[in-house]
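What follows is a short report on a single structure.
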Amino acid sequence: MLIDFINNYLMNGIVLGCIYALGAIGITLLFGILRFSHFAHGDMMTLGAYLGLAGVWITGQPVWIVLPIAMAATAGVAVGIDRAFYHPLRNAPTIVAVIASFGVALMIRSAIQVIFGVEIRSYARGFERPILLFDAVRILPRHVWIIGLTVVLVVGLQLFLKMTRLGKAMRAVSDNPSLARVTGINTRAVVIATWLIGGALAAAGGVFLGLDTQLDTNLGWNLVLPMFAAAVLGGIGQPVGAVLGGLVVGIAEELATYPFFGGQALLSPAYKSAVAFAILILMLIIRPTGILKGRVF
Amino acid sequence: MSLLLEARELVGGYGGTDILNGVSLSLSREEIVVIVGPNGAGKSTAMKALFGLVTVRSGTVWLDGLDVTNAAPETLVKRGMAYVPQEANVFTTMTVEENLDMGAYTRRSGIQAAKDRVYTLLPALKAKRRQPAGELSGGQRQMVAIGRALMVDPKLLMLDEPSAGLSPKVLDEILDAILAINRSGVGVLMVEQNAKAALSMAHRGYVLQGGKNRFEGPGPALLANREIAELFLGG
Amino acid sequence: MISDANLGLIMYAIALMNIGAIYAILSLGLNLQWGVAGLFNAGIAGFFAVGAYTSAILTAPDSPDFLGGFELPIPLGWVGAMIVSGALALVIGAATIRLRSDYLAIGTIGIAEILRLFLKNEEWLTNGVRGITTVPRPFQFDQPLLSELSFLGMTLTLLLIAYVAIERSVNSPWGRMMRAIRDNEVAAAAMGKHVERRRLEAFVLGSMLMGLGGALMSQYFRFIGPEATEPFQITFLVWVMLIAGGAGNNRGAILGAFLIWAIWSMTELVTRQLPPDWAVRAGYLRIFLVGLLLQVVLQRFARGLLPERIRQRIRP
Amino acid sequence: MIAVENVTLRFGGVTAVDHCSLTVATGKITGLIGPNGAGKTSLFNIVAGRYKPSSGRVLLDGEDISGLPPHRRFEKGLLRTFQIPQEFSRLTVAENLAMVPAGQTGEQVWARWFQSGRVAADEAALMERVTEVMAFLRLSHVADELASNLSGGQKKLLELGRTMMARPKIVLLDEIGAGVNKSLLAELAGDIKRLNTEQGMTFFLIEHDMDLIARLCDHVIVMAEGRVLTQGTAAEVKQDQRVLDAYLGGGRVSA
């Protein structure tokens, strides 16, 4: 019973949570530094996933090998998108950039649909034998990879933000942009770094999701809501909070379908994504600063 | 005595409205110079104009003989000008040490030496260096803000109302620190509401009114001027 | 006599006008929310769908596939659509309206997505993915041209009523107050205006128009299915229409709707000429271009073709 | 009329208002002065309902209004102006004024559908009042200008104009004088005095211009470090050594 719970629900929840976390970090960083909600972030994940697919097709290597390439390429595209579509709007009210991000979301998605078509695809992947722990807990190797790589990326990001000059500058701009300017911080470099990180992590999240399930062109759009829920839950502007928030939302979504009482699922699996929304609304009403005291809108 | 900063006939303001209608001032490297004046006189605006935060529509600013009118803050920081804003002048989510690191953002070397110097000048900061600046008291924050500005080894330190919201005792500590900084060879330009405290320690002072120079002279002399006292309590 | 080719063209033009008019109603609703009250509704599709399904269920004949068999008169379908959409807006607005607009956007996206799941999964109510195919349409004659024209007369009349009603409200102390709240809510509250309640009013009214638009669309096509709630088809297109036409200006909202719809449909004429395996992709290319169009408008014509008028005077 | 009882306001670690108590008498003009950072504007924000005090309460005519939102306080006759003018930027000057009066028929969304005549009649009367106020404040020539295009001084006038439109019982004026030229300020002072004596309007104002304070105020409260330092008539306060210190400088005498 407990083992079944862990194997079929908790593990899935953690994996999903990792994917949400990778996207939510970008959303939260972008909000902290550029001060607008980036609704195209989900589609940036789709882009990463499909660039990974292109990499697999071209090189014939497994997706793990092409992952860094997909991340780098997506990061580059993210910087280009900023330059073309968000930078010109920097002096307009922030809400204009939010509207633009909806347009960008659509452009990314339709570009992918034009290039790759709308068929459901997958990275070539053989049958995976679960790893057996303590004779009871079964973990798929790809889940180990996803969780492990997420930990590596998150720890790496945290080290970057805490230790490096540029990372600290990012935190400084997020904390107080006008003081950052007065201090002589190069805001342009900070903005580029933010897009590079946001794009790269989004790509990783997209590839992981494509790997765990399948690739379709709406993959990222469907993540937008849970990722915003995660960012708000963790506290806007707080990368660690976004990770926690992602895990909470991911696990909550999976657990919501667990038959806690008798044989009936607590919530029909069809309504999984409503869980994120419920968490979001609840959070906005009860504690808009999030778990880690982020910025209030 | 060579001039470190000279500003001549500055006119400018935000958007379309001019707040400065011809402000001139100068300062040498050895000096503490204070700008005082009633509310709305354009004191803070004048300082922001020197630091490139307010557009100067006419007039010139020279720093060390170089024309820096309307230069970007980033450039000015690199040329040895440091500015402490009046409000929100620390990164609250970062530790004291990280605030100092940010102050050193434009420099590549000598960061540790600069930090040591700040800790010598502002010893109170050393004990707090791992604490987030947002958790500090008003006076301590002001110290952090000054320390952050000192990290570039500035030739000129500009402070916008360092006394705002501080109790007299804490203010004394801040002013003592400013004196020590000046003695270490940094020119200091301050805007102050607290004219008595500021003028009593300054080498020279400027009194602004209506965005123009009204009086100027040695600090104590201005302080003794009855007309200036009247200006503050309404003349 | 009208030749077949000409007839086809005329039918096409009328269909274009019909759908354009329905979009214009949606765009007017969004203008009330965004242009006048500054409320960022990113879930237009949700209110649209609720209106469409409500009216379909209220007016369709009995069927074992979905709830219904009420066979109410069509105007009652509109009223029902508006009431249910408005009630939904009241509930979602009550929870999120006091938050910054980004949050309202997230909140409304959430509602729209959940509604999409709901309409897709609750087969007893909506017939699931197959949708409701027996939505009655008014003015059905033997002559298709006559049917189309009569329907157009109806949609244009409803659009006119909506326009006059909204224009009157906007050009009145109410509209002045809403614009004041949009510009500076702190000051508006200090001037004694109940900011949250007033915003909610605009939000509910706008959503009711969106519900009406949904009802009309389902009647025009005699069908409503869950794909109609796809964010692109409704939410995004309506946003582009309003921004291009001119947020804050009701005539701009209407102009934008007809114009963007015309551009959108006419590009379809081009893609229809392509070989079938290209046609699908070209469809997505069209969406890409609409996205690009929005960016151009935002960057170059941020205030739209007919910008908000200033110096409005309230006249009897 | 207004009683602030033991009010404290903290932002994070900073105490902006520290166990402050004061009263504003009905029918009088009360001035609030003090150095920058003394907590004057924070106190105004508490009285006006923008901020909730961390502790303590605010009474209006004996009724506890600490929990009421700003628009409810407005209904009770309490109105404030802002230090930094808060105009409705995309409304014209006339519209900025016309939007103020509460309970306009036309503020109902459907009023123009069913009661158009009444709305128009109300509006005509309202516009007369708006025209009066604009003439009074020398804003007539910019009546149809967008408020965002006004100069700083004109925006101050607009703030005062909104006050006149509302006819409240008590007005909180936050630095109405800053950025307004001397001759206009003198007239504004005259207007405030007249509104006070003729209509019995109570004023509570923050001001830095001691001249204006001396001319207008029946009672002056001096704040420093979040508390009331002293109070009395303008002349009394001006002689107080503590006030001179707080304004012209603290404990430091030598350097």
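General remarks:
- Residue satisfying all of: in segment C:210-232; open to solvent by less than 20 Å² (accessible area, probe 1.4 Å) and not in a helix (DSSP H, G or I); farthest from A:VAL104 (Cα to Cα) among these: C:ILE224
- Test: residue in segment B:69-76 that is more than 26 Å from B:LEU136 (Cα to Cα) and buried (at least 22 other Cβ atoms within 10 Å of the Cβ): yes
- Subset of segment D:1-46 (residues that are away from chain B (no Cβ under 12 Å), closer than 19 Å to D:LYS169 by Cβ, of a type outside the set (S, T, N, Q) and assigned to a strand (DSSP E or B)): D:ILE2, D:ALA3, D:VAL4, D:LEU22, D:VAL24, D:ILE29, D:LEU32
- From B:ALA41, B:ALA124, B:ALA72, residue being in contact with a Leu (Cβ under 6 Å, 6 or more places away or on another chain) and not hydroxyl-bearing (Ser, Thr, Tyr): B:ALA41
- Among the residues examined, D:THR163 qualifies as more than 9 Å from every other protein chain (Cβ to nearest Cβ), surrounded by 22 or more Cβ atoms within 10 Å (Cβ to Cβ), modelled with pLDDT under 90 and under 13 Å from the mean Cα position of the chain (by Cα).
- Selection status of B:THR95, polar (S, T, N, Q), crowded, with 17+ Cβ neighbours inside 10 Å and within 30 Å of D:PHE11 (Cβ to Cβ): yes
- Evaluated against (1) surrounded by fewer than 20 Cβ atoms within 10 Å (Cβ to Cβ); (2) within 14 Å of chain D (Cβ to nearest Cβ); (3) in contact with a helix residue (DSSP H, G or I) (Cβ under 7 Å, 6 or more places away or on another chain), C:VAL164 falls short on exactly one condition, (3).
- Positions within segment C:81-106 being open to solvent by less than 30 Å² (accessible area, probe 1.4 Å) and either free of Cβ contacts under 8 Å to residues at least 60 places away in the same chain or hydrophobic (A, V, I, L, M, F, W, C) (or both), in sequence order: C:ALA81, C:ALA89, C:ILE92, C:ALA95, C:THR96, C:ILE97, C:LEU99, C:TYR103, C:LEU104, C:ALA105, C:ILE106
- Answer residue from segment B:197-224, given it is crowded, with 21+ Cβ neighbours inside 10 Å and small (Gly, Ala, Ser) and is nearest to B:LEU10 (Cα to Cα) among those: B:GLY211
- Elements of the type helices (runs of 4 or more DSSP H) sitting completely within segment D:135-221 and holding at least 1 residues that are touching an Asp or Glu at 6+ places or on another chain (Cβ under 6 Å): these cover D:152-166, D:210-216.
- Residue among A:GLY23, A:GLY80, A:GLY42 that alone is under 24 Å from C:LEU294 (Cβ atoms) and surrounded by fewer than 24 Cβ atoms within 10 Å (Cβ to Cβ): A:GLY80
- C:GLY291 meets each of the listed conditions (1) modelled with pLDDT of 90 or more; (2) within 15 Å of C:SER27 (Cβ to Cβ) apart from (2).
- Of residues in segment B:118-152 being touching a Lys or Arg at 6+ places or on another chain (Cβ under 8 Å) and within 20 Å of B:LEU27 (Cβ to Cβ), the one most open to solvent (accessible area, probe 1.4 Å): B:VAL152
- The helices (runs of 4 or more DSSP H) located wholly in segment B:134-235 that include 3 or more residues which are more than 11 Å from chain D (Cβ to nearest Cβ) occupy B:138-150, B:168-183, B:219-224.
- Test: residue in segment C:121-135 that is out of contact with any helix residue (DSSP H, G or I) (no Cβ under 9 Å at 6 or more places or on another chain), of a type in the set (A, V, I, L, M, F, W, C), open to solvent by 10 Å² or more (accessible area, probe 1.4 Å) and without any contact (Cβ under 8 Å) to a residue 60 or more places away in the chain: yes
- For segment D:97-120, filtering for residues that are crowded, with 17+ Cβ neighbours inside 10 Å, more than 7 Å from chain C (Cβ to nearest Cβ) and either modelled with pLDDT under 90 or over 24 Å from D:PHE136 (Cβ atoms) (or both) leaves 1.
- Entirely in segment B:32-126, the strands (runs of 3 or more DSSP E) that have 2 or more residues that are within 14 Å of chain A (Cβ to nearest Cβ) and in contact (Cβ under 8 Å) with a residue 24 or more places away in the chain: B:81-84
- Restricting segment C:107-117 to residues that are among the β-branched types (Val, Ile, Thr) and facing another protein chain (nearest Cβ under 7 Å), the residue that is surrounded by the fewest Cβ atoms within 10 Å (Cβ to Cβ): C:ILE114
- Only one entry in C:SER150, C:SER207, C:SER169 is in a helix (DSSP H, G or I), among the hydroxyl-bearing types (Ser, Thr, Tyr) and touching a Ser or Thr at 6+ places or on another chain (Cβ under 8 Å), namely C:SER207.
The values are calculated or read from the model by the stated rules, or taken from the named source; none is laboratory data. Please read these numbers as outputs of a predicted model, since none were measured by experiment. Every residue, glycine as well, gets a Cβ built from its backbone with ideal geometry; the counts of neighbours run over all protein chains shown. Just so you know, the surface numbers come from the protein's heavy atoms only, side chains and all, with ligands and any DNA or RNA stripped out. Shrake-Rupley method; radii C 1.70, N 1.55, O 1.52, S 1.80 Å.
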